[in-house]
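The structure appears below as structure tokens.
The values are calculated or read from the model by the stated rules, or taken from the named source; none is laboratory data. What you see is a predicted model, and the numbers here were worked out from it, not measured in a lab. Counting neighbours? That spans all protein chains shown, and the Cβs are built from the backbone with ideal geometry, glycine included.
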Amino acid sequence: MTLTKESFLFFNCLIFLCEADKALADGLHTCGVRTCHILGFMMAQKGGHEGLRFIKKDLYNYFSNGAKARRENGDAIAALCYFQSKADNEPMFYSKFTIDNGRLQNLFWSDGTSRFDFECFGDVLAFDTTYKRNRYNKPFVIFSGLNHHGETTIFGCALISDETTETYKWLLNTLSDAMFKKHPRVVVTDGDGAMREAIRVEFPNAFHRLCSWHLHQNTIQNVKSPKFVEEFNSLMYADYFPEKFETECKRITDDCDVSNHKWVKKVYEMKTMWASAYMRDKFVCGIRTTSRCEVKEYRHNELLSDFNSLYYEPVLTNALEGIEIDASKVFTRNKFREVKKRIEGAGALNVIERTELGNNVMLKMNRFCNPNLNISVRLDKVENIFSCDCSLFEREGIPCSH
């Protein structure tokens, strides 16, 4: 192929600005010279287009990219300065960041209220990365949980560079430092593999629960059977014992003809991470999903709930008035509403057997209109400890009707 003068000029234009060109262009630009005039000046110096090793678009892109970098660096500096001012005025404010090649990579922060809340309510942690990317192409992470009103509370937030195991390990280690080395007992996530490995390393004693909402969405995407999706959703939340769960699981997969489905088999192998039947002894505080949060709104809600719990007396409507009054003094108003339902449910129970051995008493009971489901309640009269097969108190901190 013959290289013509026109072809030479075309290929020559593909070479971007050299360091000398950049220095000259920056100097003129700093003095307020417009880009079109800078191009004309440099062209005159070089003896026309042929002398330039770049085209007009390259020069405009150079200034545009430089401005973007300055904006991003300026935003990073502004954020760090803001966090420093927060720390100066609030001793409990915590932030930590990493820098790579002069650029801000990862940034975590948590204020005093969030750190105090974690001390009180951080046994169950929702690890939410569903916000994904922001304007800086960084995933936004929120750590949250439930407070004593059963409302969402924020423990910390972060902007991270990527979603790799190493980054998640740094993030969880930083969270641990911020929370005075307290680790959660349960972590709820969307099931990301890198996240799971990071949790295994940084919080080795924590139980990892899969987010029910994400699992439901994955079921819809992977199994094109509306019947299975509906049945699987019920199976996920059902308060079964493991034996009943296994029976129902086999019935559903057989009826929907998905026993050999690859995704279904994979999810079944992780059943202890999502099935309520295998979490009866885990305190999960009622958290089944990672949540999306607006920090100011939730803190305002908590203030209102605190006020209502302190200054409003509940209306008693139950025949078991003594129990209802005691419960109203122990639980916040929101939680008391849940306990009240359990107190009312006690009226539908039938005691069908009572045995006593030494200091231990066992009651076997069923519910009106559901005589086939027997529940056993045990009482140690010396230790004054109750335990129930349904394990509601152990899972959610709410006494059951049994």
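If the requirement is being at pLDDT 70 or above, among the hydrophobic types (A, V, I, L, M, F, W, C) and under 49 Å from the mean Cα position of the chain (by Cα), which of these qualifies: Ile38, Ile77?
Criteria check complete, one pass: Ile77.
List pairs: first residue in segment 191-214 and closer than 23 Å to Ala277 by Cα and loosely packed, with under 15 Cβ neighbours inside 10 Å, second residue of a type in the set (Lys, Arg) and at pLDDT 90 or above anywhere in the structure, Cβ distance under 8 angstrom, at least six positions apart or on different chains.
Close Cβ pairs satisfying both conditions: Asn205/Arg185.
Checking the conditions here, which among Arg395, Arg354, Arg378 is over 23 Å from Glu243 (Cβ atoms) and outside any loop (DSSP other than H, G, I, E, B)?
Details: Arg395 fails: over 23 Å from Glu243 (Cβ atoms); Arg378 fails: over 23 Å from Glu243 (Cβ atoms).
Answer to the check: Arg354.
Can you tell me which residue is modelled with the highest pLDDT among those in segment 41-74 that are among the acidic types (Asp, Glu) and within 27 Å of Arg103 (Cα to Cα)? Even if it seems obvious, please write down each step before you answer.
Just the residues of segment 41-74 that are among the acidic types (Asp, Glu), to begin with: 50, 58, 72.
If we keep only those that are within 27 Å of Arg103 (Cα to Cα) too, we end up with 58, 72.
Working: Asp58: 76, Glu72: 52.
Across segment 41-74, the extreme among qualifying residues is Asp58.
Of the residues in segment 256-291, how many are surrounded by 13 or more Cβ atoms within 10 Å (Cβ to Cβ) and more than 25 Å from Val187 (Cβ to Cβ)?
Count: 4.
Can you find a residue that is farther than 16 Å from Ser401 by Cβ and surrounded by 12 or more Cβ atoms within 10 Å (Cβ to Cβ) anywhere in segment 338-359? Step through it out loud before you land on a result.
The first filter runs over segment 338-359 and keeps only residues farther than 16 Å from Ser401 by Cβ, leaving 353-359.
When the remaining residues are screened for being surrounded by 12 or more Cβ atoms within 10 Å (Cβ to Cβ), the result is none.
Within segment 338-359, none of the residues are farther than 16 Å from Ser401 by Cβ and surrounded by 12 or more Cβ atoms within 10 Å (Cβ to Cβ).
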